[in-house]
1. Search the structure for amide H atoms under 5 Å from the amide H of V6, placed 1.01 Å from N in the peptide plane, and list their residues when 5 or more places away or on another chain.
2. Which value in Å does the Kirkwood hydrodynamic radius of region 31-92 take, with 1/r averaged over all unlike C-alpha pairs and then inverted?
3. For the chain, what is the charge dipole size about the Cα centre, in debye to the nearest 20, if Lys and Arg each add +1 at the Cβ and Asp and Glu each add -1 at the Cβ?
4. Using a cut-off of 14 Å between beta-carbons, work out the net charge of the residues near T33 (Lys and Arg +1, Asp and Glu -1, T33 not included).
5. Rank E87, E35, E50 by mean-square fluctuation in a GNM of the chain with C-alpha springs under 10 angstrom and give only the top-ranked residue.
6. Which whole-number percent gives the relative contact order of the chain, counting Cα pairs below 8 Å spaced six or more residues apart?
7. Based on the Kirkwood radius over alpha-carbon pairs, what value in µm²/s does the Stokes-Einstein equation return for the translational diffusion coefficient of the chain at 20 °C and 1.002 mPa s?
8. Tell me which of T4, Y29, H55 sits at the most positive position along the dipole axis of the chain, charges placed on C-beta atoms (Lys, Arg +1; Asp, Glu -1).
Amino acid sequence: MPTTGVVNLQCNGGHLWMNAEMFVVPHPYFAVTDESGKFELTDVPPGEYEIVAWHEGWRVVGQQSTLDVLTQLRVQRPIFSESRTWEKRVTVGEHQTALVNFVLSGK
């Protein structure tokens with residue numbers, strides 16, 4: 001993709017349940033957490049980096065009226081808060097492991 005960052009994907013055919021948020025990065029270093037929130041990045045060259053944790057918005061902040069194509073009725077689609085990011089600096093040494101902890105909260 002030519003753009004980096006968050007890309008919001010929604011069905012333009014009116015299917016309310018077909019939504020996604022995609023995070024595009026210009027490098028091969030990314031991860032999705034496991035069930036307990038842990039992740040690992042491998043083969044990262046030594047150096048100084050900024051690790052960014054991203055989470056889609058989870059608070060409902062409004063409603064949008066839209067047509068449900070299945071029922072042909074107007075329905076209310078929830079509008080969620082903006083996504084959140086948390087950043088931390090980390091130094092990766094040659095053949096070393098670096099541990100970074102994030103605490104994600106709505107505050």
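1. Excluding prolines and chain starts, which carry no amide H, the hits are V24.
2. It works out to 15.3 Å.
3. On the way: 8 positive and 12 negative charges, 114 e Å.
It works out to roughly 540 debye.
4. Working: positive: K38; negative: D34, E35, E40, E56.
Here the count lands on -3.
5. E35
6. Normalised by residue count, the contact order of the chain is 23 percent.
7. On the way: Rh = 16.9 Å.
Diffusion coefficient, whole number: 127 µm²/s.
8. H55
Read-outs: derived from the displayed coordinates by stated rules, not from any lab. Quick caveat, the model's predicted, so the values are computed rather than measured. For neighbour counting, all protein chains shown are included, and Cβ atoms are generated from backbone atoms with ideal geometry for every residue, glycine included.
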